[in-house]
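Scroll down for the structure; my scribbles are underneath it.
The values are calculated or read from the model by the stated rules, or taken from the named source; none is laboratory data. Bear in mind the structure is a predicted one, so any value in this text is a computation, not a measurement. Glycine gets a Cβ as well: all are built from the backbone with ideal geometry, and neighbour counts include every protein chain shown. What goes into the accessible areas is simple: the full protein's heavy atoms, side chains included, and nothing from ligands, DNA or RNA. Shrake-Rupley method; radii C 1.70, N 1.55, O 1.52, S 1.80 Å.
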Amino acid sequence: MSNTRDQREQKLEAMLQARRFEPASPDLTERIIRKAQHIPQNQTISLSQWVRGLFAEFHLPRPAYVLVSTLIFGFVVGFTIPQYTITADDTDSISVQSFLYADEDVL
């Protein structure tokens with residue numbers, strides 16, 4: 001087993017020695033430095049820029065979609081809340097939804 005391993009290692013070494021090696025250009029360091037100068041470094045950002053970046057990163061939906069989904073959610077919650085009826089003994093407590101119904105006498 002070690003014999004096959006040694007053969008594979010020798011074969012790999014021979015392939016690495018035979019590969020083509022291209023030396024780096026002489027102006028490589030200057031190109032790296034020039035490119036790094038154009039990349040913005042760590043900046044302090046304001047809270048509004050951070051929130052704007054957060055919204056852009058998460059791709060939040062358009063305001064119209066948010067408004068429509070909030071209205072639909074409100075209707076669903078409003079219609080699923082049970083309607084409370086007022087008994088004769090409980091005239092002091094009035095349901096929040098009582099203004100929606102026309103059971104009252106005309107003034």
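Is there a residue in the range 45-64 that is hydroxyl-bearing (Ser, Thr, Tyr), assigned to a helix (DSSP H, G or I) and surrounded by 10 or more Cβ atoms within 10 Å (Cβ to Cβ)?
Checked against the condition, which is being hydroxyl-bearing (Ser, Thr, Tyr), assigned to a helix (DSSP H, G or I) and surrounded by 10 or more Cβ atoms within 10 Å (Cβ to Cβ), the range 45-64 yields no hits at all.
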Test: residue in the range 99-107 that is assigned to a helix (DSSP H, G or I), open to solvent by 100 Å² or more (accessible area, probe 1.4 Å) and at pLDDT below 80 = yes
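Restricting attention to the range 16-31, which residues are among the hydrophobic types (A, V, I, L, M, F, W, C) and open to solvent by 100 Å² or more (accessible area, probe 1.4 Å)? Write out each step before concluding.
Applying the first criterion (among the hydrophobic types (A, V, I, L, M, F, W, C)) to the range 16-31 yields 16, 18, 21, 24, 28.
Within the range 16-31, just Phe21 meets the criteria.
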Kindly check whether there is at least one residue in the range 8-15 that is exposed (fewer than 10 other Cβ atoms within 10 Å of the Cβ), out of contact with any Asp or Glu (no Cβ under 8 Å at 6 or more places or on another chain) and modelled with pLDDT under 80.
-> no
What's the number of the condition Glu22 fails, among (1) at pLDDT 90 or above; (2) in a loop (DSSP other than H, G, I, E, B)?
-> (1)
